[in-house]
Amino acid sequence: MSDHHIDPERAQFDAFKALPRDTVIHMLNLVRFKTAATYPADHALASEALTGAEAYAHYGADSGPIFQRVGGRIVWRGSMEAMVIGPDAEHWDAMFIVEYPTSAAFMEMVTDPVYRHAVTHRQAAVETSRLIRCNPNTSRSGTVFG
């Protein structure tokens with residue numbers, strides 16, 4: 001098991017696939033970039049001395065058309081200002097919530113050959129991350145605590 005949390009572990013991905021596939025889902029993304037991207041030696045960008053943020057921008061550019069084709073959209077993005085509850089040393093360089101029309105759409109994206117090729121940029125860019133599937137419709141009362 002990796003402590004870098006860049007790609008899903010098999011059991012985590014199996015748990016995701018076991019959930020309903022025909023409902024709208026939100027995916028909370030928390031990403032910390034490497035200072036310097038680490039591409040495989042034979043990758044075309046390996047000698048470019050990119051930062052993690054720059055490599056992640058390549059990931060977004062290359063995966064964006066697939067993301068849009070399956071109906072994905074960013075519903076929130078922001079930047080971390082302070083840790084109020086949690087480890088003081090934990091920080092996130094990118095924070096956003098993506099909506100997919102169904103989890104089947106997410107599965108279609110991550111299994112697309114072009115997307116799978118784009119993931120090389122993400123792997124080169126990311127120090128650690130969290131990807132959390134959320135149900136956007138859990139409360140009907142209109143309050144967080146209801």
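With +1 assigned to the C-beta of every Lys and Arg and -1 to the C-beta of every Asp and Glu, and no other charges, what is the dipole magnitude of the range 84-131 about the Cα centre in debye, to the nearest 20?
180
Less than 9 Å Cβ to Cβ from residue 107, Lys/Arg counted +1 and Asp/Glu -1: what total charge do the surrounding residues give?
Value of the local net charge: +1.
Collect residues whose amide H, placed 1.01 Å from N in the peptide plane, falls under 5 Å from the amide H of residue 36; neighbours closer than 5 in sequence don't count.
52
Measure out, as a whole number of angstrom, how far apart the alpha-carbon centroids of the range 1-56 and the range 91-111 sit.
Comparing the Cα centres of the range 1-56 and the range 91-111, I get a distance of 11 Å.
Express the accessible area of the chain per residue in Å², computed with a 1.4 Å probe while the remaining protein chains stay in the model.
In whole numbers, the chain has 63 Å² accessible per residue.
Report the local net charge at residue 116: Lys and Arg +1, Asp and Glu -1, summed over other residues whose C-beta lies under 15 Å from its C-beta.
With Lys, Arg at +1 and Asp, Glu at -1, the net is -2.
Taking amide H atoms as placed 1.01 Å from N in the peptide plane, list the residues 5 or more away in sequence, or in a different chain, whose amide H sits under 5 Å from that of residue 128.
Distant-sequence amide H within range of residue 128: 32.
At 1.4 Å probe size, with the rest of the protein present, what percent of the exposed accessible area of the chain is carbon and sulfur atoms?
55
Return the percentage of antiparallel bridges among DSSP beta bridges fully within the chain, rounded to the nearest 5 %.
100
With only Lys, Arg, Asp and Glu charged, each at its Cβ (+1 for the first two, -1 for the last two), find how big the charge dipole of the chain is about the Cα centre; round to the nearest 20 debye.
Charge dipole, the chain, about its Cα centre: 520 debye, nearest 20.
The values are calculated or read from the model by the stated rules, or taken from the named source; none is laboratory data. Computed from a prediction, not measured in an experiment: that's the story for all the values here. For neighbour counting, all protein chains shown are included, and Cβ atoms are generated from backbone atoms with ideal geometry for every residue, glycine included. Each accessible area value is taken on the protein alone, full model and side chains, heavy atoms only, with ligands, DNA and RNA left out. Shrake-Rupley method; radii C 1.70, N 1.55, O 1.52, S 1.80 Å.
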